[in-house]
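The values are calculated or read from the model by the stated rules, or taken from the named source; none is laboratory data. Given the structure is predicted, the values throughout are model-derived calculations rather than measurements. With ideal geometry, Cβ positions are generated from the backbone for all residues, glycine too; neighbour counts draw on all protein chains shown.
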């Protein structure tokens, strides 16, 4: 549970549940950092999914998707390959390229 929930859970329950007492330990810095890192990972994953959707939509508009889907490739494999390319490091330059953008 995130630190804010831990901090205010007793007050929230006291307001809605009469006669119930909840004792929770005070939030710690370690809990706050762990929650923050978990949130960053989730937001990063959502950003990569949004970029993948934009990439597929752009290829659909340009007609590349029509060409790819006519080959013996499932749509699931096509979208998964787009997603994995965004997660893979850029091996030509030896650094990570999270957006999948190549600049020449």
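General remarks:
- Lone qualifier among 61, 85, 73 - being at pLDDT 75 or above, surrounded by fewer than 11 Cβ atoms within 10 Å (Cβ to Cβ) and out of contact with any helix residue (DSSP H, G or I) (no Cβ under 8 Å at 6 or more places or on another chain): 61
- Matching option when the condition is assigned to a helix (DSSP H, G or I) and out of contact with any strand residue (DSSP E or B) (no Cβ under 8 Å at 6 or more places or on another chain), among 23, 47: 47
- Within the range 1-20, the only residue that satisfies the criterion of being modelled with pLDDT of 75 or more, assigned to a loop (DSSP other than H, G, I, E, B) and surrounded by 10 or more Cβ atoms within 10 Å (Cβ to Cβ) is 17.
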